[in-house]
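Here's the structure, in structure tokens; my notes come after.
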Amino acid sequence: MTRTRLLALLLAMTTVPVTRVAAQKPDSVHTRVVMLGTGTPNADPERSGPAVAIIVNGAVYLVDAGPGIVRRAAAAKARGVNALAMPNLTHVFLTHLHSDHTLGLPDLMLSPWVLERTTPLQVYGPPGTTNMVNHLAAAYEEDIHIRLDGGEPSNRSGYRTIVHEVAPGIVYQDSNVTMRAFAVEHGTWKHAFGYRFETRDRVIVVSGDTRASQAVIQACNGCDVLVHEVYSDAGFRTRPPEWQKYHAAFHTSASEVGRIATEARPKLLVLYHQLYWGSTDDDIVREVASAYSGTVVSARDLGIY
């Protein structure tokens, strides 16, 4: 394969609407939420970047691709979540294109391929996702060329990435799940989504990054699990004014999450993407509980719900 031909293949990414495909064979009988990463741009060695795995009947649906996603998936498999084997990392749904939610994307595009994924990676995300993936593919052109034609055993399909730019509404369906994107407010981002997963036994909503949003309440509406970002009220008060202005416009305080959950009525509220600023998980849970009487947990990486 010539270098010119290879680059043409890499850049031949596809933008398509709602996708309906056959589900993978089951190795589990219920829906699980695995927190692959709960972190923020802060370089906390205990928390990889934001990434959530929804596992339904052994099929894997990833939300966001923060730094560390592939190794966290490997860690979860080592702990017995067999569905998170490298060849199964084939679908990812991006909430928005902030770097902390996408720095793991080239890792997800290429590392599972090197580790014997033969199926192209399907990436669903907001407008701009195609451009991002095209540039990443071009950046790794030489790596792919050497792996394909430089003597390394490899397959000629697993490195490919197919992009689906989505809008609010149903964005994906198979026999396991119906997925809906809904628009959220994340500061000055033109396109930011949350996702609602409907399976046979559970409804799961992932907020993505958002300020307090009625859209999250409507998407959950008694859902089984609401995964919501959060920052500490007490920690927020220690921040400089310019950062307070930023966080209030882009993110959701613990007390606001509590009020959202009271209206949304999830059976379980899972906090992630936590900003502490000196507070603890217990502190944030207490701040949420000041406005919410339901079950709430502040997640850590590799937590399963």
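If only the Cβ of Lys and Arg carry +1 and only the Cβ of Asp and Glu carry -1, the dipole of the chain around its Cα centre is close to 580 debye.
Among Val52, Val114, Val123, the largest mean-square fluctuation in a Gaussian network model of the chain, built with springs joining Cα atoms closer than 10 Å, belongs to Val114. For Lys190, Lys267, Lys245, Lys77, the ranking by accessible surface with the largest value first comes to Lys190, Lys245, Lys267, Lys77, using a 1.4 Å probe.
Computed over protein heavy atoms with a 1.4 Å probe, the accessible surface of the chain works out to 42 Å² per residue.
Computed with a 1.4 Å probe on the full set of protein chains, the accessible area for Met86 sits at about 30 Å². Mean silhouette area of the chain, derived from the convex hull of its C-alpha atoms and averaged over all directions, reads 15.2 nm². Just to be sure I understand: with springs between alpha-carbon atoms less than 10 Å apart, which residue in Ala78, Ala183, Ala167 has the highest mean-square fluctuation in the Gaussian network model of the chain? Answer for the Gaussian network model of the chain: Ala78. Comparing Tyr124, Tyr140, Tyr159 in a Gaussian network model of the chain where C-alpha atoms under 10 Å apart are linked, the largest mean-square fluctuation is found at Tyr140.
Report, in deg cm²/dmol and to the nearest 500, the calculated mean residue ellipticity at 222 nm for the chain, where each DSSP H run with n ≥ 4 adds -39500 (n - 2.57) and the sum is divided by the residue count.
Working: 11 runs with 93 residues, N = 305.
Per the formula, -8500 deg cm²/dmol.
In the chain, the DSSP beta bridges split such that about 50 percent are antiparallel, to the nearest 5.
Rounded to the nearest 5, the antiparallel percentage of DSSP beta bridges internal to the stretch 226-305 is 0%. The Cβ shell under 13 Å around Arg265 holds other residues with a net charge of 0, Lys and Arg each +1, Asp and Glu each -1.
Below 30 Å Cα-Cα, how many Lys pairs turn up in the chain? Only count pairs eight or more apart in sequence, or on different chains, if you could.
Values: Lys25/Lys77; Lys25/Lys267; Lys77/Lys267; Lys190/Lys245.
The result is 4.
Taking a point 7 Å out from the Cα of Asn155 in the direction of its Cβ, the residues of the stretch 38-79 whose backbone N falls within less than 18 Å of it are 59-61.
Take Trp243, Trp189, Trp277 and sort them by solvent-accessible surface of the protein heavy atoms, 1.4 Å probe, largest at the top.
Working: Trp243 110, Trp189 85, Trp277 60 Å².
The ranking, largest first, comes out as Trp243, Trp189, Trp277.
Our note on the geometry: Cα centres of the stretch 168-231 and the stretch 60-82, 20 Å apart. Taking all protein chains as present, what is the carbon and sulfur share of the accessible area of the chain, in % to the nearest whole number, probe 1.4 Å? Looking at the chain in its full context, I get 53 percent from C and S.
Seen from Thr280, the other residues with C-beta closer than 15 Å to its C-beta sum to a net charge of -4, counting Lys and Arg as +1 and Asp and Glu as -1.
The values are calculated or read from the model by the stated rules, or taken from the named source; none is laboratory data. Everything quoted here is computed from the prediction, not taken from an experiment. Backbone-built Cβ (ideal geometry, glycine too); neighbour counts: all protein chains shown. For the accessible areas, the whole protein counts, side chains as well, though only heavy atoms, and no ligand, DNA or RNA atoms are used. Shrake-Rupley method; radii C 1.70, N 1.55, O 1.52, S 1.80 Å.
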